[in-house]
Amino acid sequence: MNIVVIGAGGDVGRSVADELARNGKHEVIRVGRTRGDHLVDITSDDSVSALFDQLGSVDAIVVAAGNVILAPVEKMTPADFLRGLQDKLLSQVRVALIGQHYLSDGGSITLTSGIAVDDPIAQGSHAAASNAGIEGFVQAPCVRIVEILPFQGFQLTQGAGYLSCRVFPRLVKMPF
Ligand SMILES: NC(=O)c1ccc[n+]([C@@H]2O[C@H](COP(=O)([O-])OP(=O)(O)OC[C@H]3O[C@@H](n4cnc5c(N)ncnc54)[C@H](OP(=O)(O)O)[C@@H]3O)[C@@H](O)[C@H]2O)c1
């Protein structure tokens, strides 16, 4: 399968890409904002469309990009919150909405949520909201097929800047 991993230079994306590419299992196309086989800015419709126009048909898309805002709500403004939603929730949804038209039959799209949605962390209000949004987006059209991918390689015991050693990303798969 040819699989696009967006965010492949990051902590999560690199683990995902390496796992998928292990022993030549899949052809992995590594994509990032500043480094990778291709570049994209997932906050932009035009940039995401341009990426898939370049790539053509793909068998699977993984998004391991999109930042949350970790800050106390007392100090957060509506503009901060909106910026965070644009960065994580809407960017991942954007890739799914645009990327679905480039998927081969039986292809899948995998988005990255995070356990802050139901396992609260300090200053994690925005993270919880973004992650809940991603999981809600996936569940509505395809309840049956939501799953958490069980790759051991994704378990990060020391996510940069995160407060809990139990934090690891939760990935939601959405085949179309
Ligand atoms: N790390 C954890 O413990 C953890 C826990 C829960 C959830 N998550 C979620 O997992 C996802 C990845 O987290 P991470 O820790 O791996 O992040 P990271 O190490 O900071 O890596 C982020 C990756 O995404 C790319 N990226 C960032 N903004 C982008 C944009 N606008 N367009 C295209 N690519 C962009 C970066 O590319 P460049 O390097 O080229 O800028 C980089 O490859 C995030 O959604 C995060 O919320 C992570």
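Since only 55, 43, 31 are under comparison, the one whose Cα sits farthest along the positive direction of the charge dipole of region 13-68, derived from C-beta charges on Lys, Arg, Asp and Glu, is 31.
Using a Förster distance of 25 angstrom, determine the FRET efficiency expected from the C-beta separation of residue 75 and residue 47, and round it to 0.05.
My answer for the efficiency is 0.20.
Each reported figure results from applying straightforward, stated rules to the coordinates on display, with no laboratory input. Remember, it's a predicted structure, so these values are computed and weren't measured experimentally. A quick note on method: Cβ atoms are made from the backbone with ideal geometry, for glycine too, and the neighbour counts reach across all protein chains shown.
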